[in-house]
Amino acid sequence: MLNIRAAAASDAPLLKTLIHELAEYERLAHETIVTEDDILRDGFGPHPKFRALIAEWNGQTAGYALYFDFYSTFQGRAGLFLEDIFVRPEFRKQGIGKALFARVAAVAWEEDYFCMRWEVLDWNTPAIDFYRQWGAEFLSDWKAVMLIGDALQAAAGVESPTAE
Amino acid sequence: MLSIRQASASDAALLVQLIHEFAEFERLPVRVREGDLLRDGFGPQPKFHMLIVEWDGAPTGYAMFFECYSSFEGSAAIYLEDIYVRPAYRGKGIGKAVLAHLAAMAVKQNLCGVRWQVLDWNTPAIDFYQKLGAEMWADRRVFSLHGEAMARLAESAA
């Protein structure tokens, strides 16, 4: 049986493990440096920077979702940005991913957010078809850009620290 | 001369005007009002921040950003949602100055980066971002779920 619950501070070690599993799945494990302390500080302090859900199947951890608020100036309203959604391979094909999406949509609806937004890898056509079936709008001509690390330092006009 | 400053509540009318110009430029629907910006941007817990760009004292553009979270980094980052420069002021390096301003803010506040989106046919912008050393996540596309479709999915929640 499926149970989806809000993550608590005591889930920090579990969330860290799940985030690393997602990163491994996306082949970004080498760039993934999140620690339990990061999660406790940023997710479970007085002003959390994200919220997370944990999905359990018959009491076993099956996956998670992590989201935060974004804002649309055109709408003049906040939305939810679903940053991570992950179902462990052995728990797939049981509707857990959809249930996690639906729960985030329910949070958005109940808390009066105007929208939920997420990103998909463009070669993942089964996922794209799946999302379209729900009536989600595919903003296919937008690409994500990130300025990070040395390039961020350089753009800031700050000397990069010496590489270690 | 260029100046970049934090917007305050007294800028709300100007910001609404700039947002409407930007929406017209992008041919996207817009419904924001001053009251929305005052409530969401300038209260005790602002949902976003805005910069106003001025050239010789005249408003030439704005940027809107908020904090996002990178779970892989275990760190917050700046998400640049809007950046707009009025047509008459383009080609002066204002966009680059705004990005540099945000990058400096990210470094100072110990945030892991600055993130945004670009239209894939906008090759001059993409070239420009790549010259800055930005990573293009070319295979990531965006989905948006709102209105009745969002309500339908929400209703199906267990």
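Pick from B:M50, B:M136: which is hydrophobic (A, V, I, L, M, F, W, C) and at pLDDT below 90?
Matching residue, one of B:M50, B:M136: B:M136.
Just for the range A:80-95: of the residues that are closer than 19 Å to B:A149 by Cα and crowded, with 20+ Cβ neighbours inside 10 Å, which one is nearest to the chain's Cα centre (by Cα)? The extreme case among them is A:L82. Selection of the range B:1-60 for residues being part of a loop (DSSP other than H, G, I, E, B), surrounded by 11 or more Cβ atoms within 10 Å (Cβ to Cβ) and either in contact (Cβ under 8 Å) with a residue 40 or more places away in the chain or touching a Ser or Thr at 6+ places or on another chain (Cβ under 9 Å) (or both) yields B:A7, B:V30, B:V32, B:F42, B:F48. Of a type outside the set (V, I, T), within 18 Å of A:Y113 (Cβ to Cβ) and at pLDDT 95 or above: does that describe B:L37? Considered against the rule, which asks whether it is of a type outside the set (V, I, T), within 18 Å of A:Y113 (Cβ to Cβ) and at pLDDT 95 or above, B:L37 comes out as yes.
The values are calculated or read from the model by the stated rules, or taken from the named source; none is laboratory data. Since we're looking at a predicted model, the values are computed, not measured. Glycine also receives a Cβ, built like all others from the backbone with ideal geometry; neighbour counts cover every protein chain displayed.
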